[in-house]
Amino acid sequence: MNFILESLRTAISLILAFDKEVYQAVWTSLYVSVASTIIASAIGIPSGLLLSAREFPFKRLAIVLLNTLMALPTVVVGLVVYGIISRQGPLGELGLLFSPAAIVIGQSILALPIIANYTLSSIKGADSRILPTAMTLGASPTQGYLILLSEVRFGIMAAVIAGFGRVVAEVGVAMMLGGNIRGYTRTMTTAIALETSKGEFAFGMALGIILMTVALAVNLLLNDFQERRG
């Protein structure tokens with residue numbers, strides 16, 4: 001018990017002292033997570049919109065596939081992306097492996113189905129008359145879709161926050177594609193795994209406290225937007 005209490009005191013001291021290594025890992029985590037969420041949102045929101053508002057062949061199959069991808073194992077994503085961007089892969093010449101960009105690519109793939117699915121659910125739960133009414137009043141298809149998205153904006157925000165929450169606490173992709181390079185690709189989760197294995201329990205605990213704080217804030221925001229949507 002004394003070991004845990006002493007580690008906790010040291011962890012809090014590291015946080016309050018703004019330890020450089022701690023906050024480098026925090027910054028890297030937030031940077032790649034925000035970038036991944038933006039990219040996934042740019043693809044996932046329009047995808048969810050089209051899946052809900054348009055009819056096309058194999059639509060049911062596409063929705064089933066989207067639901068399946070929500071449980072996509074991180075190590076599988078890491079493995080596939082690793083094969084593509086490694087030196088022997090088709091994109092190996094770009095030199096992306098073991099860089100923040102590689103982590104962003106992998107995490108974007110993880111967040112995309114979550115954001116698309118939340119968007120799809122939000123639009124399905126909206127009044128089905130919104131789009132036809134907007135079109136009847138003279139709105140173009142693009143304007144009609146924008147009006148529809150505006151009506152379900154809280155659900156869309158919940159989708160984005162859920163996507164961010166998925167990637168900020170992710171470790172498999174970050175470790176496989178980033179390489180856990182100190183001061184460059186080391187995130188909170190990979191640093192916790194490494195430092196704890198080295199016996200630096202207090203350092204890992206400091207990052208764990210910050211990570212839990214971020215996770216709590218994300219979940220509070222998500223619950224707030226879900227209540228507003230309801």
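The values are calculated or read from the model by the stated rules, or taken from the named source; none is laboratory data. This is a predicted model, so every value here is computed, not measured. We place every Cβ from the backbone using ideal geometry, glycine too, and count neighbours over all the protein chains shown.
Only one of the numbered conditions (1) over 30 Å from Tyr184 (Cβ atoms); (2) without any contact (Cβ under 8 Å) to a residue 12 or more places away in the chain; (3) surrounded by 14 or more Cβ atoms within 10 Å (Cβ to Cβ) is violated by Ala116, and that is (2). Restricting attention to the stretch 151-171, the residues that are among the aromatic types (Phe, Trp, Tyr) and at pLDDT below 90 total 1. Take the residues in the stretch 58-104 that are farther than 29 Å from Ile181 by Cβ and of a type in the set (S, T, N, Q); name whichever of them is surrounded by the fewest Cβ atoms within 10 Å (Cβ to Cβ). So, considering only residues that are farther than 29 Å from Ile181 by Cβ and of a type in the set (S, T, N, Q), the one surrounded by the fewest Cβ atoms within 10 Å (Cβ to Cβ) is Thr68.
The residues in the stretch 1-20 that are within 15 Å of Glu195 (Cβ to Cβ) and free of Cβ contacts under 8 Å to residues at least 24 places away in the same chain can be counted, and the count is 1.
Within the stretch 192-202, the presence of at least one residue that is at pLDDT below 90, assigned to a helix (DSSP H, G or I) and β-branched (Val, Ile, Thr) is confirmed.
Determine, yes or no, whether Phe225 is assigned to a helix (DSSP H, G or I), more than 20 Å from Ile15 (Cα to Cα), over 16 Å from the mean Cα position of the chain (by Cα) and touching a residue at least 12 places away in the same chain (Cβ under 8 Å). Yes; evaluated as a whole, the condition is true for this residue.
The residues listed here are Leu222, Leu177; of these, the one that is modelled with pLDDT under 85 and surrounded by 17 or more Cβ atoms within 10 Å (Cβ to Cβ) is Leu222.
Are any residues in the stretch 193-223 of a type in the set (D, E, K, R) and in contact with a helix residue (DSSP H, G or I) (Cβ under 7 Å, 6 or more places away or on another chain), and if so, which ones? Selection gives Glu195 alone.
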